[in-house]
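Have a look at the structure below before the remarks.
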Amino acid sequence: MIESKFAVVHYAEIGLKGRNRAFFERVLAENIIRRFQGLDSVRVERLPGRFLVQASVPLSESTWEERLRKVFGIAYFAPAVPVRKSLEAIEEAILKNFPQDPPGPFRISASRADKRFPLTSLELERRLGEVVRSYTGRPVDLKNPAVTVHVEITHPSAIIYFTRKEGPGGLPVGVSGKVGLLLSGGIDSPVAGFLTLKRGCRVVPIHFHSQPFGNWMASEEKAIEIVRVLMEWGMEPYIYIVPIGDIQQEIVLSAPSAFRLIFYRRLMLRVAEKIMEMEGGLALVTGDSLGQVASQTLENIVAISQAVSMPILRPLIGFDKAEIIKLASSIGTYEISIRPGEDCCQFLMPIKVATRPALSEILEAEKELDMERMVRHALESMRKVELKSG
Ligand code: ATP
Ligand code: MG
């Protein structure tokens, strides 16, 4: 099919029962509609176990793909033709839409959700297989077909489609509650945000930079661009920007240099926790992976986490850098992350980071800082930037 007004969408149903299922379906349908905003106003019809998405005009296969492959919760999808549930109508629709390319053998794959239909799926496959074989001259190959013709007898209509595309899997964004993402502009945290979206969370990005020092503008621009990419995957269309340069300067002056980074992180978490309390969020997310850099030893993760009581999710904890880079490239954030634009000005960075600090030492040193005031000050300087898509 070159163009189609319809697409069928299948979602993973495992574990979906009763009210949960209705909720999941409603959120997924809303997310599909939102994904087409600015392009078309699509309608989503809920059929048993699947959706039929209808556009107002025929859309190309690549348009359907570009949109639907970024909607979490979709297992697979395909441009489709709905037809009347009669054998003649089904045959006619298959022959009319059978693709020229690729050449080679085919198979029919039928499923019958509507058991009132007179033929079983096996009978249907045989019948339709015969018709297609004699009409196209192609052989049948059940193991290695070049083209698979899918026929779904559902309600109220039957659906026919050919190429079936993988969706991103996961859960629809919005079924799992809200989290705050500490988004640095580096390679890792965008991927952590992506994986959290994939598990159905609404993700609010929060970026800290060292305004008024260094090239904070470039850091802010990078963070915003990353959010724009992740908005296509369902991230919230705004970002909290928190300038903390003068607080960092104060920390530099009053805390041991080796603890600086730990205090910066503890401050960031506290501010993020406050933001998420206002947002009705339940957890924070970071891009930490264990042992990757000096600040990510287990001792440092312990010392940093202790600053807040809100749980901190770390979806990358077991990932290697190479795995993270691969994922970042496929999402489209890697290219942005590697551009220059440091979130922290060089003179605020410690020469050496403590790697095995005792929590008691950290807490003792923190007494020298007026953290409460610092958090308040950061929240007062914070800006919420709304991002329109496109
Ligand atoms: P990333 O690539 O995400 O920056 P990283 O491996 O460089 O990660 P760090 O820079 O030590 O590691 O940061 C660890 C985590 O702390 C980040 O993944 C991010 O979640 C959070 N973080 C660090 N700096 C910032 C910042 N400026 N704004 C928001 N979050 C930050
Ligand atoms: Mg970083």
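Looking only at residues in the stretch 299-323 that are more than 22 Å from K274 (Cβ to Cβ) and not in a helix (DSSP H, G or I), the one that is nearest to ligand 1 (Cβ to nearest atom) is L316.
Of all residue pairs spaced 6 or more apart or on separate chains, those with beta-carbon atoms under 6 Å, a first member in the stretch 147-165 that is farther than 18 Å from W64 by Cα and a second member that is open to solvent by 10 Å² or more (accessible area, probe 1.4 Å) and of a type in the set (D, E) are I153/D114; T154/D114; H155/D114. Check whether at least one residue in the stretch 353-369 is at pLDDT below 95 and within 16 Å of ligand 2 (Cβ to nearest atom), and report yes or no. Yes, because at least one residue in the stretch 353-369 is at pLDDT below 95 and within 16 Å of ligand 2 (Cβ to nearest atom). State which residue is nearest to P315 (Cα to Cα) when the search covers only the stretch 258-298 and only residues that are within 13 Å of ligand 1 (Cβ to nearest atom) and open to solvent by 40 Å² or more (accessible area, probe 1.4 Å). Only one residue fits best here, namely L290.
Of the residues making up the stretch 184-202, those that are open to solvent by less than 10 Å² (accessible area, probe 1.4 Å) and within 16 Å of ligand 2 (Cβ to nearest atom) are G185, S189, P190, V191, A192, G193. Listed conditions (1) in a helix (DSSP H, G or I); (2) among the β-branched types (V, I, T); (3) under 25 Å from L171 (Cβ atoms) are all met by I224, apart from (3). Going through (1) modelled with pLDDT of 95 or more; (2) more than 36 Å from the chain's Cα centre (by Cα) one by one, R116 falls short only on (1). Residues that are over 24 Å from I224 (Cα atoms) and not polar (S, T, N, Q) do occur in the stretch 332-348, at least one of them. Every condition in (1) within 16 Å of ligand 1 (Cβ to nearest atom); (2) under 21 Å from Q296 (Cα atoms); (3) surrounded by fewer than 18 Cβ atoms within 10 Å (Cβ to Cβ) is met by D343 except one, and the failing one is (3). Evaluate the stretch 203-219: report whether one residue or more is assigned to a helix (DSSP H, G or I) and crowded, with 20+ Cβ neighbours inside 10 Å. Within the stretch 203-219, one or more residues are assigned to a helix (DSSP H, G or I) and crowded, with 20+ Cβ neighbours inside 10 Å.
The values are calculated or read from the model by the stated rules, or taken from the named source; none is laboratory data. As the structure is a prediction and not an experimental result, all values here were calculated from the model. Neighbour counts run over all protein chains shown; Cβ positions are idealised from the backbone, glycine included. What goes into the accessible areas is simple: the full protein's heavy atoms, side chains included, and nothing from ligands, DNA or RNA. Shrake-Rupley method; radii C 1.70, N 1.55, O 1.52, S 1.80 Å.
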